[in-house]
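Report on the structure given below.
The values are calculated or read from the model by the stated rules, or taken from the named source; none is laboratory data. Everything numeric here is computed off the predicted structure, so don't read it as measured data. Cβ sites come from the backbone with ideal geometry, for glycine too, and all protein chains shown count toward neighbours. Note: areas computed on protein heavy atoms with side chains; ligands, DNA, RNA excluded. Shrake-Rupley method; radii C 1.70, N 1.55, O 1.52, S 1.80 Å.
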Amino acid sequence: MTDDVLLIIMSFLPFKDAVATSCLSKRWRWLWLHVVTFIFDGTESLERIAEKPSLLGSERTKFVNEVNSLIDSCNRPVVPDLQIRYDLDRSFKTDIDAWLKFAVHMSVENLELDLTDYNGLAHETYERYKFPIRLSYRTIGHLYKFPWSKFTLIEFPSLRRLVLKGVHITTATVESILENSPDLETLSLHDAGRLRDLYVDDGKLKLKHLEIVDCPKIKSIYLSSFNLVSFTYKGRLRAVRLVISNLPCLKFWDIGEGVIGLKNRVFSQFDYCLSYLDVLSLEITRPKEGLKLATIPKLPMIKKLKLAIGARKDNCLLEFTAIAKACPRLEVFTIELQWLSPIKSRRKVRHVADHPHYYLKELVFVGYFGRVSDLELVVYFIDNAAGLRKIVIDPRGSRRRGTKAVAASVTAVEEARTSAKRQLQKSLPGGRAVDLVIL
Amino acid sequence: MSKKTLTLMSKDKQLFNIEEHLAVQSVTIRNMVKEDGASSVIPLPRVDSETLALVIEYLNRQQAPEEDEDYVKKFVDERGEIPTLLELAQAALDLDIKKLMDAACMKVADLIKDFTLEEVREALRIENDRTPEEEKAIRDEFQWAF
């Protein structure tokens, strides 16, 4: 038997068992290092903690020791991938700093650091880990001569993808990364409480995907003249000055905000770049105030549209068809209801004026509760989209960003499923093959 | 069109016939056929006849693509002896038949994952060439893994 077979077998073993094989014989001492990946996903442990929070202290120590011992014993010249997901705050600064140094020295290309707590929320701002302001593959000791100096330098040339969740990072640090990591394609920052401005205007950048989520201090984002393909911004829109110009490759747009009304800024500000977007996703808690549905501009190229909205009681959804109507080439429409207080009332299904959706193939409805309002929206699309092939109904409640997961009760979901089946099978048109999927 | 047949020869010189369009599921054989037409016998000096018979049985299966995953799983499950699976995995690796190799290796991993170290050594025919002190030192280093 050759080592190759042993390595493949080992790659199917649970991580700990693979490490334990180092005891088998001298030949096996380091074999496992070939199959081990530096992906430390503590989700299982965090789920245990969520059930019993008193475990947090001991489980944290265990996790940190595990990462430390693997990193210490790594004898490879290059590690392409380092991902860490665990509930860690700034008290682990020494360890996390060392992991990042390791990442720089091992020429990591994909770095993911998700330090949100076991509920998936960022730590309090004063407890949150701060991304170091100096990090380099070479010795930059001279910079430390003045410990009070604010001099920022990140030299991480191998980086292609950087995802930080629940980590503070300053504007200067982000700028330094952009300047010194020329191959960076994806930058995703969540809960970066200290990020104030982001100014990207450099045609040489390879940055394709940019995600800024829940960075409350951010004041302005200026993106211009590079080949950005997808842009996600979630968080306060009213307070941020968003300037987007000359991004010819921009196709995917995901924009949304939590509780504060949107005041139609989305559309008024970006008229010119809306005309060539392929995919648009909007998340608006109070859509009726936030979106002026009557004045939505034409979105001529949109093929996929997702609308995530807050929903109360039995409020009508038919007016949101206005936004689908603004997209003449729409192929997939997703509506996601974020429940506050659903109420089922008894009334008849309403119909609104017909409008043909020639290209619509798929309707996805997340958060279907079985209200008349839910049903009438589906009926509208069945009536108006002759090419509709598939309806996906997902009655499981959706979770609002930045809130604790509130799973819909099992009985409520089961009830919603039953009503979806009863209501929709009746409404499906005869003679047309529409695939109804109820999750 | 008449179906072309290939002849494979095992380590112990036994010959096996298989239709070419089935045999080329093996990337190794596909490359050989491409290179020289492989009209003569293809020797497989590392595969014994019992294992080759299994490989041929696998290649000859007549499964709809959507049932294939289940079939491969069942195929290795029914031959759940570790020595057989190891031979099969090695043969599948040499012949580059990815699905069979993955399934066999996954099955072995599944069987040995709850074994003690001593049992793993026995199953994989590994000789322990370490002193108990050396072994303890490694255990201490990766305490969390044991």
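Sort A:133, A:244 by accessible area with a 1.4 Å probe, largest first. List each step's numbers first, then the result.
Working: A:133 60, A:244 5 Å².
Per-residue accessible area, sorted high to low, gives A:133, A:244.
What does the structure give for A:53-66 when I average, per residue, the other chain Cβ atoms found within 10 Å of the residue Cβ?
Working: counts 0, 0, 0, 0, 0, 0, 0, 0, 0, 2, 1, 0, 2, 4.
That average works out to 1.
In whole percent, how big is the carbon plus sulfur part of the accessible area of the protein assembly as shown, probe 1.4 Å, protein atoms only? Present the calculation step by step, with values, prior to reporting the outcome.
Details: 15120 of 28690 Å².
Within the protein assembly as shown, the accessible surface is 53 percent carbon and sulfur.
Tell me, what is the FRET efficiency for residue A:204 and residue B:48 to the nearest 0.05, using R0 = 60 angstrom and their Cβ-Cβ distance as r? Don't skip to the end; give the middle numbers.
On the way: r = 59 Å, r/R0 = 0.99.
Efficiency, from the Cβ-Cβ distance: 0.50.
Per DSSP H run of at least 4 residues, take -39500 (n - 2.57); add these up for the protein assembly as shown, divide by its residues and hand me the 222 nm value, nearest 500 deg cm²/dmol. Please report the intermediate quantities before stating the final value.
Working: 21 runs with 202 residues, N = 585.
After summing the helix terms and dividing by residue count, I get -10000 deg cm²/dmol.
Filter the cross-link list B:73/B:98; A:325/A:421; A:304/A:325 down to pairs whose alpha-carbon distance in this structure exceeds 19 Å. Intermediate values should be presented prior to the final figure.
Details: B:73/B:98 13 Å; A:325/A:421 27 Å; A:304/A:325 13 Å.
Distance filter (> 19 Å) returns A:325/A:421.
For the interface of chains A and B, what total accessible area is buried with a 1.4 Å probe, rounded to the nearest 100 Å²? Let's see the in-between values first.
Numbers: alone 21420 and 9900 Å², together 28690 Å².
Roughly 2600 Å².
Cut-off 18 Å, label point 7 angstrom out along Cα-to-Cβ of residue B:57: give me the residues of the range B:14-28 whose amide nitrogen falls inside.
Flagged as within label range: B:14-19, B:23.
Excluding ligands, DNA and RNA, what is the solvent-accessible area per residue of the protein assembly as shown at a probe of 1.4 Å, expressed in Å²? Walk me through the intermediate numbers first.
Numbers: 28690 Å² over 585 residues.
Result: 49 Å² of accessible area for each residue.
Under a point spin-label approximation (7 Å from Cα along Cα-to-Cβ), what is the residue A:61-residue A:94 distance to one decimal in nm?
Taking the simple label geometry, residue A:61 and residue A:94 are separated by 1.4 nm.
Please figure out what share of the DSSP beta bridges in chain B is antiparallel and state it in percent, rounded to the nearest 5. List each step's numbers first, then the result.
Working: 5 of 8 bridges.
Roughly 60 percent of the beta bridges in chain B run antiparallel, per DSSP.
Residues of the range B:76-93 with accessible area at least 20 Å² lower in the all-protein-chain context than alone (1.4 Å probe)?
Residues shielded by partner chains are B:86, B:90, B:93.
State the extension gain, in nm to one decimal, for the chain segment bounded by residue A:343 and residue A:439, taking 0.36 nm per residue of separation less the distance between their alpha-carbons. Could you put the intermediate results ahead of the total?
On the way: separation 96, 0.36 × 96 = 34.56 nm, distance 2.14 nm.
So the chain would gain 32.4 nm between residue A:343 and residue A:439.
If amide hydrogens are placed 1.01 Å from N in the peptide plane, which non-local residues have theirs closer than 5 Å to the one on residue A:338?
A:309, A:310, A:311
7 Å from Cα along Cα→Cβ at both residue A:359 and residue B:114: what's the point-to-point distance in nm?
5.4 nm
Let me confirm one metric for peptide A:69-81, namely the mean number of other chain beta-carbon atoms within 10 Å of its residues' beta-carbons.
On the way: counts 5, 3, 0, 1, 2, 0, 0, 0, 0, 0, 0, 0, 0.
Neighbouring Cβ atoms belonging to other protein chains average 1 per residue here.
Would you please give the residues with an amide H less than 5 Å from that of residue B:42, counting only those at least 5 places away or on a separate chain, with H modeled from the backbone geometry?
B:7, B:8, B:9
What length, rounded to one decimal in nm, is gained on full extension from residue A:303 through to residue A:422, with 0.36 nm per residue of separation minus their alpha-carbon distance? The partial results should precede the final answer.
Numbers: separation 119, 0.36 × 119 = 42.84 nm, distance 3.02 nm.
Length gained, residue A:303 through residue A:422: 39.8 nm.
In whole angstrom, note down how far apart the Cα centers of the range A:313-364 and the range A:199-251 are.
Here the two parts' Cα centres lie 30 Å apart.
Could you tell me which helices of chain A pass both thresholds, a Cα extent of 15 Å or more along their own axis and a mean Kyte-Doolittle hydropathy of at least 0.5, with helices taken as whole DSSP H runs? Display every interim value, and only then the final one.
Numbers: long enough: A:56-73 (26 Å, -0.34); A:93-105 (18 Å, -0.05); A:372-384 (18 Å, 0.88); A:410-427 (25 Å, -0.90).
Helices meeting the span and hydropathy rule in chain A are A:372-384.
Could you calculate the FRET efficiency of residue A:329 with residue A:127 from 1/(1 + (r/R0)^6), where r is the beta carbon distance between them and R0 is 51 Å, rounded to 0.05?
Values: r = 47 Å, r/R0 = 0.93.
E between residue A:329 and residue A:127, to the nearest 0.05, is 0.60.
Which whole number gives the average count of other chain Cβ atoms within 10 Å of the Cβ atoms across peptide A:20-31? Before the final figure, lay out the partial values.
On the way: counts 8, 6, 6, 14, 12, 9, 5, 3, 7, 3, 0, 0.
Across A:20-31, the average partner-chain Cβ count within 10 Å equals 6.
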